[in-house]
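Heads up, the thing below is written out as structure tokens.
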Amino acid sequence: MTQFQRIGAGVDVAAGVVEDIANRVGGDKIEFVADDTLIGQGASGTDLIIMNFPELKINRQNPMVDTNQFPGLAPNQLATSVMLTDVAAPTEIPTPIADGGTTVLYTQRATPGWGIRPEAFTLLSAQY
């Protein structure tokens, strides 16, 4: 579904609907990011869509109907995916060059990321 008609609102794309509902109803922020490396990587050559929910929320609105007791335990990790780096901020390495100038290299090593809670990831194959 690439577009739809809402009463009194005109035409919007599916991503706009998801962002609007998530923000208005749940106060959540949804980010859509394009990645050319996922083109043709899905099933039968379709495009791959990765959905990641990076953080779990503890339901504090109505604890009577929430049977999930694990988020309240300590220590607790609310993140569902992590990326580790060797330094907190990129390291600056100034180096003199032959013409008398200086070049600056910024370096930081990072892992590609780990899904520590695989239930928070969904892989979708979509024909574009």
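Coordinate-derived values only; no laboratory data. Given the structure is predicted, the values throughout are model-derived calculations rather than measurements. Every residue, glycine among them, receives a Cβ derived from its backbone with ideal geometry; neighbour counts consider all protein chains shown.
Which far-off residues, 5 or more places away or on another chain, put their amide H under 5 Å from the one on Ser81, with H placed in the peptide plane?
For Ser81, whose amide H was placed from the backbone, the distant partners under 5 Å are Ile116.
What is the fewest-to-most order of Glu19, Glu92, Glu55 by other Cβ atoms lying within 10 Å of their Cβ?
Working: Glu19 17, Glu92 9, Glu55 12.
Listed from fewest to most nearby Cβ atoms, that is Glu92, Glu55, Glu19.
Determine, from the Cβ-Cβ distance of Trp114 and Val18 and an R0 of 35 Å, the FRET efficiency 1/(1 + (r/R0)^6), rounded to the nearest 0.05. Mind showing how you got there, number by number?
Details: r = 26 Å, r/R0 = 0.74.
So, using R0 = 35 Å, E works out to roughly 0.85.
What are the ³J(HN,Hα) couplings of the stretch 79-85, residue after residue, when phi is run through the Karplus curve with 6.51, -1.76, 1.60 and θ = phi - 60°? Round to Hz, x for glycine and proline.
Once θ is set to phi - 60°, the couplings for the stretch 79-85 become 5, 9, 9, 9, 10, 9, 10 Hz.
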